[in-house]
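Let me begin by presenting the structure, written as structure tokens, before commenting on it.
The values are calculated or read from the model by the stated rules, or taken from the named source; none is laboratory data. Quantities reported herein were computed from a predicted structural model and do not represent experimental measurements. Because the Cβ atoms are built from the backbone with ideal geometry, glycine has one as well, and the counts that use them run over all protein chains shown. For the accessible areas, the whole protein counts, side chains as well, though only heavy atoms, and no ligand, DNA or RNA atoms are used. Shrake-Rupley method; radii C 1.70, N 1.55, O 1.52, S 1.80 Å.
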Amino acid sequence: MLEVDGDSMIDAHIEEGDMVLVEKTNQAKDGDIVIAEVDGEVTMKYLKEKGGKRWLEPANKNYKPIYPEQSLNVVAKLKAVIRQY
């Protein structure tokens, strides 16, 4: 379980303070929501793949896609979102 910090995934209905249940894995496909290490930073975004290239796509129009300069490694895949009221 991880606590969400930030608003880059709000259009996927994942908000700051939500708890996410993730499965530790390095395998993911295009369109999966993943926890990934990209150029030394850890983030949660959509994994996108096209033409052998991989990048991370936020679910908030105020943020730009993240294209790795050195590395992009999937650490886990999102399984569930838990929100407390």
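Hey, can you tell me all the residues within region 19-68 that are open to solvent by 60 Å² or more (accessible area, probe 1.4 Å), touching an Asp or Glu at 6+ places or on another chain (Cβ under 9 Å), under 15 Å from M9 (Cα atoms) and part of a loop (DSSP other than H, G, I, E, B)?
K61, N62, Y63, listed by residue number.
Among what's in region 69-85 and is over 13 Å from K29 (Cα atoms) and of a type in the set (D, E, K, R), pick the residue that is most open to solvent (accessible area, probe 1.4 Å).
E69
Hey, can you tell me all the residues within region 69-85 that are within 19 Å of E3 (Cα to Cα) and assigned to a strand (DSSP E or B)?
Residues satisfying the conditions are V74, V75, A76, K77, L78, K79, A80, V81, I82.
Looking at (1) at pLDDT 95 or above; (2) farther than 21 Å from L2 by Cβ; (3) of a type in the set (G, A, S), find the lone condition where A59 falls short.
That leaves (2) as the condition not met.
Suppose we filter region 1-18 for residues that are open to solvent by less than 90 Å² (accessible area, probe 1.4 Å), outside any loop (DSSP other than H, G, I, E, B), out of contact with any strand residue (DSSP E or B) (no Cβ under 6 Å at 6 or more places or on another chain) and not β-branched (V, I, T); how many remain?
1
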